[in-house]
Amino acid sequence: MAVGSDMEHQFAAFIDDLKATHGSNLASVILYGSAAAGDFVPKLSDYNILIALKMITPKELRQAHSTIREWHKMGHSVPVYFTVSELQNAADVFPIEFHQMSKAHKVLFGANTLAGLTISDAFLRHQTEYELRSKLIQLRRQYIPASASVEGLKTLMVESLASFSALFGAVLIMKQIEPPVVKQEIVARTVEELNLDGTVFEKIFNIREDNFAKTLGDVEANGLFAEYMAQIEKVIDSVDAIGNG
């Protein structure tokens, strides 16, 4: 993981504030997601933070208000709070999230509370299909206002693909394939395994990285979205087939 000096300073100040807020109850502060995976895109990606406490009470959360408010005011997403015991017990309920965290994380303070987690995949297929279908429904809803402009469509495709790529990693696990860490590599491996049209995803990743050579007009943008949605539907069909197999 490589971050600029300004971000290093923000992390250090944030951790000092958390230590002052939670004292000895603070077990660890962990960065996970794209920034830890080396897949961070400025202005698009978030710095995802997990805060592990030995115990969590309303008082602990209330005392964290000013610290979290300042962090959020700097443009960062609100961290997730877990107790140390919850991290051990919840891994079977949230297999997708914990697979992602365990593969790409950076301990900013304290112990590595993600180390040695036992992640059960008993509910992985059910959670993956549920998340894929939910995000597809959301994608259709968001398309209605986004279709008013090319920029709106580009933003929708770029932001949604980041979420879908994480779910593609879960699909690979169900196929007994160790997923890569970087989003673009996860998608490429899924394309290969499920025989998808990879050019659709390549175009969206190029837009994400501001590396799309062609000027995208209204017709082309809507056409790309239609192709993108069709590929997502194929992934869902593949997951559904695993459940019916």
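What follows draws every value from the coordinates through simple rules; no lab data is involved. Model, not experiment: these values are computed from the prediction. Backbone-built Cβ (ideal geometry, glycine too); neighbour counts: all protein chains shown.
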Open item on the list: Students often forget the sequence filter, so: which aspartates and glutamates lie under 18 Å Cα-Cα from residue 183 once same-chain residues fewer than 8 apart are removed?
Closed with: 39, 46, 97, 131, 159, 192, 193, 197, 202, 209, 210
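Could you tell me the relative contact order of the range 101-234? Use alpha-carbon pairs under 8 Å, at least six residues apart, and round to a whole percent.
24 percent
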- [ ] Report, for the range 22-83, the % of DSSP beta bridges that are antiparallel, rounded to 5.
- [x] 60 percent
- [ ] Just the Kirkwood number for the range 119-196, please: inverse of mean 1/r across all distinct Cα pairs, in Å, one decimal.
- [x] 13.5 Å
TODO: For the range 32-75, state the semi-axes of the equivalent ellipsoid (square roots of 5 times the eigenvalues of the alpha-carbon gyration tensor), sorted largest first and rounded to whole angstrom.
DONE: 26, 14, 5
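So, in the range 2-161, how many Lys pairs have Cα atoms under 16 Å apart, if the pair is 8 or more places apart or on different chains?
Numbers: 19/54; 19/59; 43/73; 43/154.
Lysine pairs meeting both conditions in the range 2-161 amount to 4.
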TODO: Provide the net charge surrounding residue 74, with neighbours chosen by a C-beta distance below 13 Å and charges set as Lys +1, Arg +1, Asp -1, Glu -1.
DONE: -2
TODO: For the chain, just run the numbers: alpha carbon Rg, then divide by 2.2 N^0.38 Å, N being how many residues it has.
DONE: 1.09
Task: residue 181 versus residue 88: modelled label distance in nm, points set 7 Å from Cα along the beta carbon direction - done: 2.7 nm
Open item on the list: Relative contact order of the range 1-152, please, whole-number percent, based on alpha carbon pairs below 8 angstrom and at least 6 residues apart.
Closed with: 26 percent
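Give me the net charge for the shell around residue 133: Cβ to Cβ below 12 angstrom, other residues only, Lys and Arg +1, Asp and Glu -1.
Values: positive: 135, 140; negative: 129, 131, 233, 237, 240.
My count for the surroundings of residue 133 gives -3.
What does the charge add up to near residue 241, with Lys and Arg as +1, Asp and Glu as -1, over the other residues with Cβ less than 12 Å from its Cβ?
That sum, taken over residues with Cβ under 12 Å, equals 0.
If each residue of separation counts as 0.36 nm, what is the full-extension length gain between residue 8 and residue 210 once their alpha-carbon separation is subtracted? List each step's numbers first, then the result.
On the way: separation 202, 0.36 × 202 = 72.72 nm, distance 2.55 nm.
Result: 70.2 nm gained on full extension.
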Task: the range 1-121 - Rg and Dmax from Cα coordinates, angstrom - done: 14.0, 39
TODO: Can you give me the span-like helices of the chain, meaning DSSP H runs with 24 Å or more of Cα extent along the axis and Kyte-Doolittle mean at or above 0.0?
DONE: 150-174, 218-244
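How high is the FRET efficiency between residue 138 and residue 25 when r is their beta carbon distance and R₀ equals 30 Å, given to the nearest 0.05?
The formula returns an efficiency of 0.25 here.
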- [ ] Have a look at 59, 203, 183 and tell me which one the Gaussian network model of the chain (Cα, springs below 10 Å) gives the largest fluctuation.
- [x] 59
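Let's test the formula: R0 of 51 Å, r as the Cβ-Cβ distance of residue 237 and residue 57. What FRET efficiency results, to the nearest 0.05? Walk me through the numbers on the way to the answer.
On the way: r = 45 Å, r/R0 = 0.89.
My answer for the efficiency is 0.65.
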